[in-house]
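The values are calculated or read from the model by the stated rules, or taken from the named source; none is laboratory data. If you're wondering where the values come from, they're calculated on a predicted model, not measured in any experiment. Here the Cβ is made from the backbone with ideal geometry for all residues, glycine too, and neighbour counts use every protein chain on show. What goes into the accessible areas is simple: the full protein's heavy atoms, side chains included, and nothing from ligands, DNA or RNA. Shrake-Rupley method; radii C 1.70, N 1.55, O 1.52, S 1.80 Å.
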Amino acid sequence: MRVLYLLNVSNSSQLSADSGYTFADLLAPAMTDAGAEVTVASPVPVGDPRVHFAPTTSPFTKYRARFDPGVDALVTLMRERQPEVVVANQIEAAPAIRVALLEAGVDALIAGYCHYLPFSFTDTGALELDPAMDDRGLGRSVLLAFAAGLAACDRVLVHSSTAASWITAAAARTGVDLGDKLHIVPAPRDVRLVRDPDGIMPPQGRATGLYNHRLYAHYGTARFTQLALRLIADAPVRLTVMDLFGTRSPERIRLDPSPERHLEELGTTDGVTIASDRGDRIRYRNLLAGAHFGIAPFRPGCPWSMSVIDCQAMGLPVIGPRTGWLAEHIDNELLFDTDEQAVRITERLATEPEFYLLHAKRAFASTADLTPEAVAARYLEAVR
């Protein structure tokens, strides 16, 4: 099977912060091991030299990635690579990919991977647009482009049951019949970030929590900051917050300056340490190993989080709000609805060794089926 994997890298200078790239870097070699001939079309190659590389140019903004996929370049790519399966990690690009296949005279299956959803649903069933995709009212257009992408795909792959239910509901509201296209294929855990929980020592009355998510406003960073102040004041906890971006370009700051604002606020908060892995996976592992638990993001439209999986694969319990995929995946004893509940959970993690070690083992076990080999097998089965 010849697989052409189209990958949009949002920030090639900060690959460690790009979960889509990390996903491809883990999955493409595992698909190769399973017998597929994989070409990754991307601004940067993945690390395994057995995976073919077709260089592409990163879109200037997140909106260009959705509305200007570059049909001419796609036609050339299809003619050169003659794929049997094309993976579209930018769902909105699927109609353009279909056009390019038609022009190139190539008969290939299009598999769209819903790596990111531009919407979510509330507990009452109301559809909410993601504010990150709604600059100057573009959110509705992005939603419709996403629906058009679903219609153009032969397969639609999603991370979780939560994502599947949301996409099914959104497709129905926009007149798209998914039929039997939809498949749940979770993301692989990073083999470099796996630690046997049997060797983990519980906290000795004080715990370090790690928040390793992008500091955009739409990730609920203000809500996290509110909780951070409460945890530091009322629980035996100190917090480490990851700076995943470093110095961003002026263009990205102009589009959304919220990460810089939140980083400055958190950096001046007593009890909070700002840390960076500087793009080094070993340093990142050491930062994870130096923490006792993780904190999930407060992003309403969270269909999956690689940062949560990173923590859990290292045997770190993750606490999180009872919402979206988090409520599906995280152990019920670690979910909270209020700051008071979060304080109580962290107190138990810090001071009750048996409770801590139980959840360290449960966290690790929750990633047992996410090896790259297992995920690649599910992926290839879905696209046959």
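Derived scalar couplings between HN and Hα for the range 336-341 equal 9, 10, 10, 4, 4, 5 Hz in order, rounded to whole Hz, by the Karplus curve 6.51 cos²θ - 1.76 cosθ + 1.60 (θ = phi - 60°), x for Gly and Pro. Within the full protein context, the accessible area of Phe336 is estimated at about 0 Å² for a probe radius of 1.4 Å. Dividing the alpha-carbon radius of gyration of the range 38-146 by the rule-of-thumb value 2.2 N^0.38 Å gives 1.20. For the residues Val308, Val194, Val86, a GNM of the chain with alpha-carbon springs under 10 Å puts the largest fluctuation on Val194. Remark: the Glu103-Gln341 segment gains 80.0 nm on full extension, using 0.36 nm per residue and subtracting the alpha carbon distance. Phi angles across the range 221-228 convert, under the Karplus curve 6.51 cos²θ - 1.76 cosθ + 1.60 with θ = phi - 60°, into 3J(HN,Hα) values of 5, 5, 5, 4, 4, 4, 5, 4 Hz, Gly and Pro given as x. Estimated at the nearest 10 Å², the accessible area of Ser307 is 20 Å² with a 1.4 Å probe.
When you work out D = kT/(6 pi eta Rh) for the chain at 10 °C and 1.306 mPa s, using the Kirkwood radius from C-alpha pairs as Rh and the Stokes-Einstein form, the result is 74 µm²/s. Averaged per residue, the range 158-274 has 46 square angstrom of accessible surface, using a 1.4 angstrom probe with ligands and nucleic acids left out. In the assembled protein chains, Arg2 presents an accessible area of approximately 90 Å² (probe radius 1.4 Å). Residues Met1, Met201 ordered from highest to lowest accessible area at a 1.4 Å probe: Met201, Met1. Accessible area of the range 290-384 with a 1.4 Å probe: how many percent of it is carbon plus sulfur? Here carbon and sulfur together make up 50 percent of the probe-accessible area.
Largest GNM mean-square fluctuation among Arg66, Arg173, Arg344, using the chain with Cα springs under 10 Å: Arg173. Accessible surface comparison of Lys62, Lys181, Lys361, probe 1.4 Å, protein chains only, largest first: the order is Lys361, Lys62, Lys181. Straightening the chain between Thr122 and Glu373 buys 86.9 nm, computed as 0.36 nm per residue apart minus the Cα-Cα spacing. Of the solvent-accessible surface of the range 1-121, computed with a 1.4 Å probe over protein heavy atoms with every protein chain present, carbon and sulfur atoms account for 50 percent. Other residues whose C-beta falls under 12 angstrom from the C-beta of Val185 contribute a net charge of 0, scoring Lys and Arg +1 and Asp and Glu -1. Atom-type composition of the exposed protein surface of the range 156-259 places 52 percent of the accessible area on carbon and sulfur (1.4 angstrom probe). The string of couplings for the range 51-57 from the Karplus curve (6.51, -1.76, 1.60, θ = phi - 60°) is 8, 5, 10, 10, x, 10, 9 Hz, one whole number per residue in order, with x for Gly and Pro. Fully extending the segment from Met201 to Arg79, taken as 0.36 nm per residue of separation minus the present Cα-Cα distance, adds 38.4 nm. Per residue, the solvent-accessible area of the range 1-101 (1.4 Å probe, heavy atoms of protein chains only, all protein chains present) comes to 40 Å². Computed over protein heavy atoms with a 1.4 angstrom probe, the accessible surface ordering of His213, His183, largest first, is His183, His213.
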